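What follows is calculated from the coordinates using simple rules that are stated; it is not laboratory data. Remember, predicted model here, so these are calculated numbers, not experimental data. Cβ atoms come from the backbone with ideal geometry, glycine included; neighbour counts cover every protein chain shown.
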Amino acid sequence: MRETVALTGMVLTASPMKEYDRRVEILTRERGRISAFAQGARKVGSALCACTLPFTFGEFMVYEGKSSYNVKSCMIQKFFGDIAGDYDMTCYASYFAEMAQYFTRENVEAPEEVLLLYMTLLAMQNGRVPFRLVRVIYEMRLMMIEGQGLELFECLRCHRTDTRTVYFAAGGLVCGECAAKEIELAKLYPFILGADALYSLQYILSSPLERLYSFVVAPEVLEELEHFMKGYLGRYLPHHFKALDFIVN
Ligand SMILES: [Zn+2]
């Protein structure tokens, strides 16, 4: 008898297979991103139907097959039903899922990624934080989780905390005095953050995941944050995410 394991996570993608089956990718806390097969999931009345739809969160009972896992059953803990009915939310959620997919792989546990994704979808569903800000927060925090974070609390060289000039090439804040001493940096244009934008980014980097989505910003600060993320991701994440083509700001 094959061993069944319980994995907690969220369905990232689902695609039809054969006549009645479904193939899913699940981001799990314990084993990272796994590929699984759900036999009969598209049959009317199948117990596997709802739990193998994108963004379903729960505990999946799976067993290992030859090339992928097989879903035996699932205890749904949260079903993000609103997402499928809202075009914008679907586009953003698909982008978040694609980004998580990019950074995770099988057999590398992903508890923070799972929790971040969960909190992010919850924030969109609650509707208090605009989707554009949700995106900034998600991108910023995910980059940090994946070891691509920026130092935004003090100058990387002299550690003074009163600077707001970010050099992407250096990996964070570098004050004017220190930058002037480095030939490479002196040639570059820094990104100078406003006080509110810097504070927001610091909050995103340091807040517990459960409290990430507890603030909003003025429209001009949001624009500044988006502009900042464009420069940051442009440098550190040279990848085109397909889902972005559907997001129109
Ligand atoms: Zn300095």
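With θ taken as phi - 60° and the Karplus curve 6.51 cos²θ - 1.76 cosθ + 1.60 applied, the whole-hertz 3J(HN,Hα) list for segment 73-87 is 7, 8, 9, 6, 9, 8, 10, 7, x, 5, 4, 4, x, 10, 4 Hz, x standing for glycine and proline.
Evaluated over the Cα positions of the chain, the convex hull gives a direction-averaged projected area, one quarter of its surface, of 15.1 nm².
Restrict the search to segment 1-79; then list the GluC sites (Glu not before Pro) that DSSP places in a loop and that have at most 16 other Cβ atoms within 10 Å of their Cβ. Of the GluC sites (Glu not before Pro), the ones in loops of segment 1-79 whose Cβ has at most 16 other Cβ atoms within 10 Å are E3, E19, E30.
Once fully extended, how much extra length lies between T4 and A50, figured as 0.36 nm per residue of separation less the alpha-carbon to alpha-carbon distance? Display every interim value, and only then the final one.
Working: separation 46, 0.36 × 46 = 16.56 nm, distance 2.03 nm.
That pair, T4 and A50, stretches by 14.5 nm at full extension.
For the chain, the longest principal axis of the Cα atoms and the long axis of helix 111-126 meet at an angle of about 90 degrees. A straight Cα-to-Cα reach below 26 Å connects K66 with the lysines K18, K43, residues fewer than 8 places away in its own chain not being considered. Annotation for segment 1-90: trypsin sites (Lys or Arg not before Pro) lying in DSSP loop with at most 15 further Cβ atoms inside 10 Å of their Cβ are R2, K18, K43, K66.
Work the Kirkwood hydrodynamic radius out for segment 1-79: mean of 1/r over every pair of different alpha-carbon atoms, inverted, in Å.
Working: mean 1/r = 0.0830 Å⁻¹.
Evaluated over segment 1-79, this radius sits at 12.1 Å.
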